1. Could you check, for the range 59-67, whether at least one of its residues is open to solvent by less than 50 Å² (accessible area, probe 1.4 Å), at pLDDT 95 or above, more than 16 Å from THR200 (Cα to Cα) and in contact with a Phe, Trp or Tyr (Cβ under 6 Å, 6 or more places away or on another chain)?
2. From the list GLY87, GLY30, exactly one residue is crowded, with 17+ Cβ neighbours inside 10 Å and within 23 Å of PRO155 (Cβ to Cβ). Which is it?
3. Being among the polar types (S, T, N, Q) and either at pLDDT below 95 or closer than 21 Å to VAL52 by Cα (or both) is the filter here; which residues of the range 164-188 pass it?
4. State all residues of the range 124-139 that are farther than 13 Å from PRO70 by Cβ and either over 12 Å from the mean Cα position of the chain (by Cα) or of a type outside the set (A, V, I, L, M, F, W, C) (or both); if no residue qualifies, say none.
5. Mind counting the residues in the range 144-158 that are over 22 Å from ALA98 (Cβ atoms) and buried (at least 19 other Cβ atoms within 10 Å of the Cβ)?
6. Among the residues of the range 75-82, is there at least one that is assigned to a loop (DSSP other than H, G, I, E, B), open to solvent by 70 Å² or more (accessible area, probe 1.4 Å), touching a strand residue (DSSP E or B) at 6+ places or on another chain (Cβ under 7 Å) and closer than 17 Å to GLY216 by Cα?
7. For the range 187-197, check the following and say yes or no: at least one residue is in contact with a Phe, Trp or Tyr (Cβ under 8 Å, 6 or more places away or on another chain), open to solvent by less than 40 Å² (accessible area, probe 1.4 Å) and closer than 22 Å to ALA38 by Cβ.
8. Please go through (1) out of contact with any Asp or Glu (no Cβ under 7 Å at 6 or more places or on another chain); (2) touching a residue at least 40 places away in the same chain (Cβ under 8 Å); (3) open to solvent by less than 10 Å² (accessible area, probe 1.4 Å); (4) of a type in the set (A, V, I, L, M, F, W, C) for LEU117 and return the number of the only condition it doesn't satisfy.
Amino acid sequence: MVRLSARYLMAFQRNQDAANFVFEGKKIIGVALNYMCAVKAKNVPVPQVPIVFLKPTTSYLREGCPIILPKVFTKVAYEVELGVVIGSRCKNVSKAQAMQHVGGYCLALDLTAQCNLAAARATGGSWTLGKGFDTSTPVSRLIPFDAVNDPHTLPLWLKVNGELKQSGCTADLVFKVPDIIAYVSKYMTLEPNDLILTGTPNGSDAFKAGDVIECGLADLATMKFNVCAE
């Protein structure tokens, strides 16, 4: 009789619970300006706390379906990111305990209507429309928790029409995964299948209908999407 270790069983349960995060998750939490390379390129102060925003789960998109650019926007940009899928409910969790609540990871895009966000920033308005439109959160399949030894050593990249546009590494994160989980859980309960988008490296820029976007995360996941106009 084969006896499975407690660690293996815990990892298996995490992966099973988080596998359907696209369909069962209740919220998507984004973190802005979270790569040092982006902070330096924009010549802005390093954030003292995570800059957090929410996206609706109706923004999810799986590979095989096109990115659709809403006709109300004139400038939408790509942002390649590491996604962290919550595996168990947590509230007021410490940094030391935060990783116990991670169910897995994914490769993600946080598509952003820069035209809308520029106006929102100028007037103190909400980022919701510019971040939460349909198809604005393309994601890969779940990457099992135990497939990633350290989520802070992962290279990620993005190409548009075969040309490299973004290249970075999660080692450059301003706030690491436990920092983000601990901070957000002080304000809201994190539930199984919630997704945290950890930020994007420098190089985010606009794309258009007819483009083809490809991206990857280490040797763990790649995605490819055609882009269409609404």
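1. Yes, the range 59-67 has at least one match.
2. On the way: GLY87 fails: within 23 Å of PRO155 (Cβ to Cβ).
On inspection, the qualifying residue turns out to be GLY30.
3. Taking the range 164-188 first, the residues among the polar types (S, T, N, Q) are 166-167, 170, 185.
Of everything in the range 164-188, those that are among the polar types (S, T, N, Q) and either at pLDDT below 95 or closer than 21 Å to VAL52 by Cα (or both) turn out to be THR170, SER185.
4. Within the range 124-139, the first condition is being farther than 13 Å from PRO70 by Cβ, and the residues that meet it are 124-128, 137-139.
Once the filter is applied, which keeps residues that are farther than 13 Å from PRO70 by Cβ and either over 12 Å from the mean Cα position of the chain (by Cα) or of a type outside the set (A, V, I, L, M, F, W, C) (or both), the range 124-139 yields GLY124, GLY125, SER126, TRP127, THR128, THR137, PRO138.
5. The first filter runs over the range 144-158 and keeps only residues over 22 Å from ALA98 (Cβ atoms), leaving 155, 157-158.
Narrowing the set further to residues that are buried (at least 19 other Cβ atoms within 10 Å of the Cβ) leaves 157-158.
Adding up the residues that qualify gives 2.
6. Filtering the range 75-82 for residues assigned to a loop (DSSP other than H, G, I, E, B) gives 75, 78-79.
Right, trim to open to solvent by 70 Å² or more (accessible area, probe 1.4 Å) and you get 75.
Filter once more, keeping what is touching a strand residue (DSSP E or B) at 6+ places or on another chain (Cβ under 7 Å): 75.
Applying the additional criterion that residues be closer than 17 Å to GLY216 by Cα yields none.
Scanning the range 75-82, I find no residue that is assigned to a loop (DSSP other than H, G, I, E, B), open to solvent by 70 Å² or more (accessible area, probe 1.4 Å), touching a strand residue (DSSP E or B) at 6+ places or on another chain (Cβ under 7 Å) and closer than 17 Å to GLY216 by Cα, so the answer is no.
7. Yes, the range 187-197 contains a residue that is in contact with a Phe, Trp or Tyr (Cβ under 8 Å, 6 or more places away or on another chain), open to solvent by less than 40 Å² (accessible area, probe 1.4 Å) and closer than 22 Å to ALA38 by Cβ.
8. Condition not satisfied by LEU117: (2).
The values are calculated or read from the model by the stated rules, or taken from the named source; none is laboratory data. Keep in mind it's a predicted model, so treat the numbers as computed, not measured. Every residue, glycine as well, gets a Cβ built from its backbone with ideal geometry; the counts of neighbours run over all protein chains shown. To get the accessible areas, we keep the full protein, side chains included, count just its heavy atoms, and leave off ligands, DNA and RNA. Shrake-Rupley method; radii C 1.70, N 1.55, O 1.52, S 1.80 Å.
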